[in-house]
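Derivation of every value follows stated rules applied to the coordinates shown; laboratory data play no part. Everything numeric here is computed off the predicted structure, so don't read it as measured data. Cβ: placed from backbone, ideal geometry, glycine included. Neighbour counts: every protein chain shown.
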Amino acid sequence: MGEKTEEKVEMKKEQKEKRKMKFGTKICIIILIILAILLIDLIRKFAIIREIDEQYAKDRVNQNHYYKVMSIDGTEEEIYVYNNIRILKNMSYSENGKEIRQIYIDDDKKEQWIIVDTPADKIAVKTDYQDIGITGANNGGLPGKENIWAELMCASISNIVSTKWNGQDCYLITFEDEYQIWVSKEDNRIIGSRNGTFTDNEGNEIDRISNFFYNYGELTGKDVEFPDLTDYTVKDSKGNIQ
């Protein structure tokens with residue numbers, strides 16, 4: 001009887017060990033599946049970010065494009081790039097009316113102007129030429145294709161889902177700080193963003209939403225003609241009136 005009892009006890013121990021091993025194996029399999037899912041998702045996000053950065057690199061060197069940003073707070077920004085002429089135009093509205101501030105750069109002539117048009121005054125200043133890198137290309141602040149490791153890090157801290165923005169199929173990329181960008185699936189360009197909030201005149205907190213528009217290959221010389229400064233106060237880089 002004693003021997004049989006010992007055998008039963010030993011068998012129970014073996015069965016417990018087997019159950020533990022099976023349970024441990026199941027846990028390992030579950031962990032491996034989770035890791036595989038996370039890895040696949042990381043690769044998917046990295047591939048999307050990579051495509052956006054590659055399109056951005058192409059757009060940066062394009063010499064015929066128009067870019068416009070319209071923000072919900074009423075500000076607008078336009079950029080014209082045509083045959084080494086670049087124009088950055090900012091438009092905003094105040095209590096006094098519409099204000100337009102623009103930078104005109106001719107890279108061939110090495111000329112640069114700052115032109116301000118407000119209800120109170122019109123001023124044009126010829127400044128020292130600087131290559132300040134104005135371009136209508138936009139990748140929403142992503143690292144750029146030159147830095148693969150930064151792209152991987154960006155993919156690891158972001159969430160990317162499919163959605164629609166103004167009727168377009170796109171990716172919604174959300175970062176840890178709640179900064180969001182919407183990217184067109186058709187051409188991998190940023191078409192919308194949400195960057196924090198602002199308070200309107202009535203004290204309401206509003207999402208700072210911006211919409212982005214592009215036009216490639218359709219500009220002409222007329223779109224980047226130097227503006228008529230007849231009604232402007234013209235100054236040189238030292239502030240002397242011309």
Distance (nanometres) between label positions extended 7 Å along Cα→Cβ at residue 147 and residue 159: 2.5 nm
Among 204, 147, 215, which one moves the most in a GNM of the chain with springs linking Cα atoms closer than 10 Å? 204
Just report the Cα centroid separation between the stretch 114-138 and the stretch 155-188, whole Å. 32 Å
Plugging the Cβ-Cβ distance of residue 100 and residue 42 into 1/(1 + (r/R0)^6) at R0 = 51 Å yields, to the nearest 0.05, a FRET efficiency of 0.70
Mind grabbing the base-10 log of I(q)/I(0) for the stretch 54-109 at q = 0.21, 0.26 Å⁻¹? Debye formula, identical points on the C-alpha positions, no solvent, two decimal places. -0.84, -1.03
Find out how many positive minus negative residues lie around residue 118, taking Lys and Arg as positive, Asp and Glu as negative, among other residues whose Cβ is under 14 Å from that of residue 118. -1
Would you compute, for the Cα atoms of the stretch 195-235, the largest minus smallest coordinate along each principal axis and list the three values in descending order, in whole Å? 42, 34, 15
Roughly how many nanometres apart are two label points built 7 Å out from the Cα toward the Cβ at residue 176 and residue 62? 3.3 nm
Equivalent ellipsoid, the stretch 54-235 (semi-axes from 5 times Cα gyration tensor eigenvalues, Å): 31, 23, 14
Residue 218 versus residue 128: modelled label distance in nm, points set 7 Å from Cα along the beta carbon direction: 4.0 nm
Between residue 111 and residues 5 or more places away or on another chain, the pairs with built amide H atoms under 5 Å apart involve 106
The longest stretch of the chain containing none of the GluC sites (Glu not before Pro) that sit in a DSSP loop with at most 14 other Cβ atoms within 10 Å is 1-94
